[in-house]
Ligand SMILES: *[C@@H]1O[C@H](CO)[C@@H](O)[C@H](O)[C@H]1NC(C)=O
């Protein structure tokens with residue numbers, strides 16, 4: 001373990017690094033390959049943006065200090081010695097390793113020509129105020145927005161202009177509900193991406209937020225790194241997360257902070273959008289046990305053999321590495337915050353998140369709606385390509 005003086009120096013070096021190369025004041029949009037973080041542009045291969053703070057790539061934020069999760073861990077806003085990825089640590093990583101080693105048995109496979117048979121198409125008004133018209137299965141089929149097969153495709157309208165109502169799209173919910181003790185395995189080749197888009201692959205309990213919400217894949221516009229988030233009823237905060245991603249926020253309660261939730265930003269740009277798609281996608285595995293919710297991301301080409309095989313059983317193991325996001329359940333967030341959850345896939349446009357931060361062509365929600373309505377050809381990348389969604393239970 002490094003002495004505390006090293007700890008202080010590490011934080012100081014990290015803070016210093018942020019003021020050096022690669023960070024420029026933001027003028028209008030950031031240049032090619034750069035992302036915006038608060039008022040700065042930065043190179044996402046060199047830095048990670050957490051909230052509005054830049055940290056060196058792969059670092060996490062604890063209070064106001066950037067730190068390397070291989071050397072330190074964060075308790076509240078205090079940095080403690082001992083990383084989350086070392087194997088010699090004995091007492092510092094209190095989180096939920098107990099779930100690892102549990103064997104799960106294949107329960108459901110959603111794939112191929114019957115992909116849509118056990119899902120319900122949501123056709124009500126988008127609760128997130130998107131510029132979208134969610135269509136029925138019959139309409140989605142007849143207008144070519146869905147096609148079941150190998151792979152299954154779910155897309156949006158890319159030919160028509162919409163001045164009102166919104167761009168037609170699909171939101172589906174699994175008929176089946178799942179309980180704690182489930183692995184959810186999303187094997188995707190491509191995800192919706194682009195200005196105005198807000199796609200999500202998520203898991204939702206009844207009577208929101210009473211039954212909880214786990215956002216496995218979510219982002220907006222030209223976002224580069226995936227955001228994994230929980231939204232819950234009162235009394236749920238996160239600490240001591242053992243993960244490769246960066247903490248964005250730790251209060252999971254939907255009623256707090258404008259429903260920001262407790263959120264983790266994935267460390268790699270292959271986890272979302274353009275980077276995900278150009279790499280052929282990958283596999284997201286979510287383990288929901290009574291001791292933790294953990295999300296692993298395996299980019300195409302780096303999928304563990306047991307996950308790739310997708311056999312009759314699956315057992316999270318050290319060969320999967322540290323999860324991208326770890327949400328420990330226990331006294332600070334009891335397992336009772338999550339119950340009877342269904343899988344949801346959707347693509348909306350603009351609205352509460354994508355619209356409020358839209359800057360592709362003008363800024364804000366109204367500009368976003370105009371852009372989305374007027375530019376059907378801008379949505380050719382706005383599709384899901386799904387090899388399979390599988391669930392395993394124990
Ligand atoms: C799923 O629910 C929809 C209606 O919501 C129904 O049409 C469909 O038959 C159900 N599928 C199965 C396999 O139960």
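The values are calculated or read from the model by the stated rules, or taken from the named source; none is laboratory data. Keep in mind it's a predicted model, so treat the numbers as computed, not measured. Here the Cβ is made from the backbone with ideal geometry for all residues, glycine too, and neighbour counts use every protein chain on show.
Here are the numbers for the structure shown:
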| read-out | value |
| --- | --- |
| Residue match in the range 184-192 (condition: assigned to a loop (DSSP other than H, G, I, E, B) and either touching a residue at least 12 places away in the same chain (Cβ under 8 Å) or closer than 14 Å to residue 346 by Cα (or both)) | yes |
| Residue in the range 211-221 that is at pLDDT 95 or above, farther than 27 Å from residue 136 by Cβ and assigned to a loop (DSSP other than H, G, I, E, B) present | yes |
| Unique match (being away from the ligand (no atom under 14 Å from the Cβ), at pLDDT below 95, part of a loop (DSSP other than H, G, I, E, B) and touching a strand residue (DSSP E or B) at 6+ places or on another chain (Cβ under 8 Å)) among 88, 92 | 92 |
| Residue that is farthest from residue 332 (Cα to Cα), among those in the range 243-264 that are crowded, with 22+ Cβ neighbours inside 10 Å and touching a helix residue (DSSP H, G or I) at 6+ places or on another chain (Cβ under 9 Å) | 245 |
| Selection count, the range 100-140, where residues are in a loop (DSSP other than H, G, I, E, B), away from the ligand (no atom under 16 Å from the Cβ) and touching a residue at least 40 places away in the same chain (Cβ under 8 Å) | 9 |
| Qualifying residue in the range 314-331 (condition: closer than 30 Å to residue 105 by Cβ, assigned to a helix (DSSP H, G or I) and in contact with a helix residue (DSSP H, G or I) (Cβ under 9 Å, 6 or more places away or on another chain)) | yes |
| Some residue of the range 353-368 being crowded, with 19+ Cβ neighbours inside 10 Å and closer than 26 Å to residue 284 by Cα | yes |
| Search result, residues across the range 241-281 that are within 19 Å of residue 212 (Cβ to Cβ) and in a helix (DSSP H, G or I) | 257, 258, 259 |
| Members of the range 145-159 that are assigned to a loop (DSSP other than H, G, I, E, B), away from the ligand (no atom under 16 Å from the Cβ) and over 15 Å from residue 347 (Cβ atoms) | 150, 151, 159 |
| The lone exception for residue 224 - which of (1) more than 23 Å from residue 298 (Cα to Cα); (2) in contact (Cβ under 8 Å) with a residue 40 or more places away in the chain; (3) in a loop (DSSP other than H, G, I, E, B) it fails | (1) |
| Single unsatisfied condition, residue 336 versus (1) assigned to a helix (DSSP H, G or I); (2) in contact with a strand residue (DSSP E or B) (Cβ under 6 Å, 6 or more places away or on another chain) | (2) |
| Some residue of the range 178-193 being out of contact with any helix residue (DSSP H, G or I) (no Cβ under 7 Å at 6 or more places or on another chain), modelled with pLDDT of 95 or more, within 16 Å of residue 335 (Cβ to Cβ) and within 16 Å of the ligand (Cβ to nearest atom) | yes |
